[in-house]
Every structure is written in structure tokens, then in C-alpha cells.
Amino acid sequence: MIPYARQSVSEEDIKAVSEVLRSELITQGPVTEAFEETVAQYCSARYAIAVSHGTAALHLACLALDVGAGDIVWTSPNTFVASANCAVYCGAKIDFVDIDPATYNLSVPALEQKLIEARKAQQLPKVVIPVHFAGQSCDMKAIKTLSDEYGFSIIEDAAHALGGQYLHNKIGSCQYSDITIFSLHPAKIMTSGEGGLVLTNSQKLARKIRLLRTHGIEKYHELKEAATEGEWYYQQSRLGYNYRISDIQAALGLSQLKRLDGFVKKRHELAQRYNNELAGLPLMLPWQNPDTRSSWHLYVIRLNIHEINKTRKVVFEQLRSMGIGVHVHYIPVHTQPWYQKLGFQTGDYIECERYYKEALTLPLFFDLTSEEQTKIIDSLAEVLNH
Ligand SMILES: *Cc1c(COP(=O)(O)O)cnc(C)c1O
């Protein structure tokens, strides 16, 4: 089966990880620091903090912005559940903004409309989490303008978008946001096995995120009490977590970062070939906003169900039986049983639900061969034309 996503691990990557295994420190140490500095430079952000998962990065981002009970957080329903769960972890109320039918990202007109109503009801969000779906940036300039007008903070969920660009900046520069997070899960653009990153230009937020990454504990050298106590002394000043990454993982991340531009370039070539060769089929190709340069985490087509006389389920199953590991991104978060218990209902976000019924993710990853891609294209044509 050709999977929809797969990590690419080189001999160089393995060598970098082995070196850490032979060294003194294997948990968070100098390699993690080097990884953080290199990521910050790559994205032109002032601070980067490496953590255990993208989900931990989202949780820490919310905590750093003081999201808590009584606060409201908005995100897109077309995302992985983690984008919404992070707000719930903090005790906040979560709500969703419907998607744009062309990009499948959070819709800016829908956001503006919802803000107007929320202001009247005195229910404005404290934080909005735009998700750069499939690696294509949201319209960050417009979202930032609304944040200035309505006073919310912005966390970019860029789990899909490491290596992508918006206008003239790398995603992660935080030019139009307070914080950006990345995931380093093996299915994403590059990996550290498991891992996540939090980027910000704010020294205050960076400090808080570092503190909360390790139990809310400050070490002796950061404390004035250390003089009267001793070198063993530490102090827990806030309730934090253990969201550290290990140097073993950071070594893989640092090594993969050297390959990142190559990963994205190859993904562009593969996406371009799909665009060219699928153009005549009864489906909608993924539209690209010219302000963005996607990292192409996912290649998602929308089936023209009426024309093909087959449900998405049948198309999915026929392709799977032919060895094509197609997938679906995403089941709208508000339709998940746990979210329905919070009061959300099917029908709440029409564009997202309509999109979901027709969406199909085709395999796209760095090591996908030309022969494999030919097989995918031919199989899809066969399934849709018969
Ligand atoms: C993968 C993903 C996450 C979570 O990242 P993990 O590293 O798996 O915890 C968050 N948001 C989105 C949009 C994702 O795709």
C-alpha cells in the first residue's frame, strides 16, 4: 500500500541521532538548544522552543496567553482535534469559524461576521487559532487586522506548514501573530520522531513557555534565593508540565531541518504533476492563493460526486483495494461525539461539512517515486471514469 504520508530518514539523519546516543546527555540539552536556534533563524522569529509534541506546543501557547476558565477560543472545524482540544485543556470555551470553500482554511468573512455578533453578545474570543490547512497559509494580514480591531490574540497552528511561506516571510516568522506552532510528527513535512515547536517574537511569552515546559520550575541560577539556599535549590512558581523533547529527537529534527527546503521543493514538483495530470477528471484541484507558498503537507482533491455517480466511500475503498493509501482530512471537529456532548451539532458549519463529504487526500511525500505517482493517477482515473 502506498501510504498518504511517510517520513524520509537519511543515513545522515541516523548518524546525527547516533552521535547523541553516544554522548553524555540524551534528554533536553545542547542539541535541543542548537535545534531551537536554527529553527528560529530559518523562520526569522526571535524565539523557538522545542517541545514533546505539536499538541504540547498548542497547549503551552494557550497557557502563555493566559487562556483559562471564562475565556473563549475560536478555531477552524477543518483540522485535527488537537487545534480545539488545547483550549479545552485550559478550561476555556471553544467555538468554530466555518471554512473558505476555495482554500479550506478558516474563512475571513465568516470570522468577521462572527466577531460582529460576538461583540454585541459580549462573547468575544481571547484567542483565535487559524490552521494553515494542508500547508497553505491563512489570510494572516486580514486576520491580524481583525485582531487589532477586536482585541484577540493569534496562535497560528502551522502543524502542516513548516517550510511554507506567506507573502515574503517564512511561516513561523510571527509577523501577523503572537505565536506559531509546528508539529514534528512523522506524517508532517519533517520529523523528530515526535515533537513540536513554539515560535514567538515576544521575550515575555518565550520565557513563560520555557517555564511551563518544565513543571513551572526555575533553577537556582535564575533565582535570588539561591544565594541563601544552595545549588540544589529550585522553585516551582507556576503549575507547568513535562513537555520536554529529548536531544535524541532534537538531533533528528536538526538534521531534517537541513533537508527541509529539499522536502518542500520535491512536494511542489509532485503537486504540480498531480495538478497537470488530474486536470481533466471530475474533481476540484487544490486552489492556491498567490500570496502563499504552500509546504504541500497534503494534496486534497474534491470529488465531483454528481458527475461520477459514486460516493466518496466507494472511491476510497476502490483506491485502497488497488494499493493506494488515500485518506480523508478532516472529519469536522464539531461532529466528533465528544464535541457534540458540548452542544455542537451537525449542520453548524455547512461549508466544512460539504467539503468533508467530497474530500480525498492523495499520497504525497518526499520519497514518492514517479512510478508510484503514475499508479496513483492511473488508478484514480480508472475509478472515476468507470
Ligand atoms: C498533527 C497536528 C497537530 C498535533 O501535532 P502532534 O505533534 O501530533 O501532537 C496539531 N494540529 C494539526 C493541524 C495537526 O495536523
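Just so it is clear, none of the values below were taken in a lab; they were calculated from the coordinates. Small disclaimer: the values here were computed from a predicted structure and weren't measured. Here the Cβ positions follow ideal geometry from the backbone for every residue, glycine too, while neighbour counts run over all protein chains shown.
Quick notes on this one:
- For the range 297-352, the candidate set comprises residues that are buried (at least 18 other Cβ atoms within 10 Å of the Cβ) and hydroxyl-bearing (S, T, Y); within that set, the residue that is nearest to the ligand (Cβ to nearest atom) is Y330.
- Of residues in the range 199-256 being of a type in the set (D, E, K, R) and in contact (Cβ under 8 Å) with a residue 12 or more places away in the chain, the one farthest from C86 (Cα to Cα): K219
- When the range 313-340 is filtered for residues that are over 25 Å from the mean Cα position of the chain (by Cα) and without any contact (Cβ under 8 Å) to a residue 60 or more places away in the chain, the ones remaining, listed by number, are K313, V314, E317, S321.
- Taken over the range 212-248, residues that are over 27 Å from F35 (Cβ atoms) and in a helix (DSSP H, G or I) amount to 4.
- Residue selected from the range 135-193 under the condition without any contact (Cβ under 8 Å) to a residue 60 or more places away in the chain and of a type in the set (A, V, I, L, M), by the criterion farthest from A34 (Cα to Cα): L146
- Extreme residue, surrounded by the most Cβ atoms within 10 Å (Cβ to Cβ), among residues of the range 101-112 that are of a type outside the set (G, A, S) and farther than 18 Å from W296 by Cβ: L106
- Looking at V31, V9, V88, V20, just one residue is closer than 26 Å to R238 by Cα and either touching a Pro at 6+ places or on another chain (Cβ under 9 Å) or not in a strand (DSSP E or B) (or both), and that residue is V88.
- Under the condition of being within 27 Å of P290 (Cβ to Cβ) and either of a type in the set (G, A, S) or in contact (Cβ under 8 Å) with a residue 60 or more places away in the chain (or both), the residues counted in the range 98-125 number 9.
- Close pairs from the range 50-78: first under 22 Å from Q249 (Cβ atoms) and within 11 Å of the ligand (Cβ to nearest atom), partner assigned to a helix (DSSP H, G or I) and not aliphatic (A, V, I, L, M), Cβ under 6 Å, at least 6 apart: V51/R213; L58/C86; H59/C86; H59/Y89
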